[in-house]
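Everything below concerns the one structure shown next.
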Amino acid sequence: MTISKLLKTGALLLPFAFAGAAETAQAQVNLVYSTYVAQGSTSNRQYEVFLDELSARTNGFVKVKDKLYLSALMKAGDHLTGVGKRVADVGYFCTGYTPALLPLTSMAELPYVSDKGDAVSAALHEMYETNDALRREYHKQNVELVAFDAPSATIIGVNKEIKSAADLKGLKVRAYGDLGKIAGKAGGMIPVPMSTAEIYTSMQTGAIDGYIGIPLWMPGPENWLPLTKTLIAPAMGTYYTCGLVMNLDLYKGLPDNVKQEMAKMRREFPKKSIALVEEGDAATVKDAQAKGVKFYRFTPAEVDAWKKTTDYDALKAEWIKTRQARTDANVEEYLKQYQAILAKYVPQSNYEQRFPK
């Protein structure tokens, strides 16, 4: 059965006898959910499923009252702090928009580490439960981490046909942060910082020629494919840490059995998230093929050349140094712990970012 059918039939919802929900003296918790992505995107679908399941597992005690998409309530970079201020009760965030606030989380965005998004998600969840410094990062913003996405390896999409990595030189691409620096230094591209919500109009007007820092599943539902001529897999690994957060004051007021159920769902989430990623990847590939979009995958030599030009060891050291200035935690030790846990989950993953042959 496909994920789409599971969503329609409700088969993703696991049966659960929620002891105590009916007896609690608290009124029903009605949530306002906010995201800056489109309703049909994988980023949104996975969390609507999560919140629907949370409602089912708590016999309707926790329920979403309002859903706001496409930055209707807050801009992309405002979601983490906005939920902390309770502009929304729960909201979707991506670390790349507020890296200074989440220095430890952002270490999972280090390129060329892994393309197994479900392993990354599982490792981050374990770290959140066992590493006090990582939890404090979120609590400092007055939010509780509900779940981390299973990220997929970045792709590049551009409005010209690409037959080698060298063809990317000089193209203006949406990119932000350190990933943009790599695109510029290794690929000769011109990074232009902007949110994903601005990509369509910017490509339409010629402000940019394409995008990097995007998962394969995204160009389809965001309608970028009519403006895209080639999708490229640069083999840089996963590049984003995004997730769902809840206002911490609201979370603290929940009954213990609700909190325990949310913790169970967090640990189950990587497999559900990656299943939606796989479905979204396949849908974008099918749509791209129908529109005549070409596909290009970097050769091993091109991957090595990008890493060499970037000076990967120096890049890693700079990441640690930059983030160390933003936290009292030992970033180097944190990274070692994270990568050791990640190594435990990678062999359990069957995910592959599939391009047409």
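The values are calculated or read from the model by the stated rules, or taken from the named source; none is laboratory data. Remember, predicted model here, so these are calculated numbers, not experimental data. For neighbour counting, all protein chains shown are included, and Cβ atoms are generated from backbone atoms with ideal geometry for every residue, glycine included. The area values use the complete protein model at the heavy-atom level, side chains included, leaving out ligands, DNA and RNA. Shrake-Rupley method; radii C 1.70, N 1.55, O 1.52, S 1.80 Å.
Provide the FRET efficiency to the nearest 0.05 for the residue 339-residue 260 pair, computing r from the beta carbons and using R0 = 51 Å. For residue 339 and residue 260, the calculated efficiency is 0.95. Of the trypsin sites (Lys or Arg not before Pro) in segment 132-213, the ones in a loop by DSSP (not H, G, I, E or B) with at most 14 other beta carbons within 10 Å are 140, 160, 163, 169. Antiparallel beta bridges, as assigned by DSSP with both residues in the chain, represent about 50 percent of the total such bridges. Ranking 189, 145, 273 by how far each Cα lies toward the positive end of the dipole of segment 144-294 (charges on Cβ) leaves 189 at the top. Phi angles across segment 183-197 convert, under the Karplus curve 6.51 cos²θ - 1.76 cosθ + 1.60 with θ = phi - 60°, into 3J(HN,Hα) values of 4, x, 6, 8, x, x, 7, 10, x, 10, x, 5, 7, 5, 5 Hz, Gly and Pro given as x. Heavy atoms of the protein chains alone define the surface here; on that basis the chain has 42 Å² accessible area per residue at 1.4 Å probe size.
Summary: within the chain, the longest segment free of GluC sites (Glu not before Pro) located in DSSP loops with at most 14 other C-beta atoms within 10 Å is 162-351. Put +1 on the Cβ of each Lys and Arg and -1 on the Cβ of each Asp and Glu in the chain; which of 334, 40, 168 then has its Cα farthest toward the positive end of the dipole? Positive-most Cα among the choices belongs to 168.
Taking the Cα centre of segment 86-130 as origin and assigning +1 to Lys and Arg Cβ atoms and -1 to Asp and Glu Cβ atoms, the resulting dipole is close to 160 debye.
Modelled label positions at residue 289 and residue 354, each set 7 Å beyond Cα in the direction of Cβ, lie 0.9 nm from each other.
For residue 147, the residues 5 or more places off, or on other chains, whose built amide H falls under 5 Å of its own are 244. For residue 133 and residue 166, a Förster radius of 41 Å and the Cβ-Cβ distance give a FRET efficiency of 0.45, rounded to the nearest 0.05. Evaluating 6.51 cos²θ - 1.76 cosθ + 1.60 at θ = phi - 60° for every residue in segment 165-175, the Karplus couplings come out as 4, 5, 5, 7, 4, x, 7, 8, 10, 5, 7 Hz, glycine and proline recorded as x.
Computed over protein heavy atoms with a 1.4 Å probe, the carbon and sulfur contribution to the accessible area of segment 152-194 reaches 56%.
Across the chain, the relative contact order, built from alpha-carbon pairs under 8 Å that are at least six residues apart, equals 23 percent.
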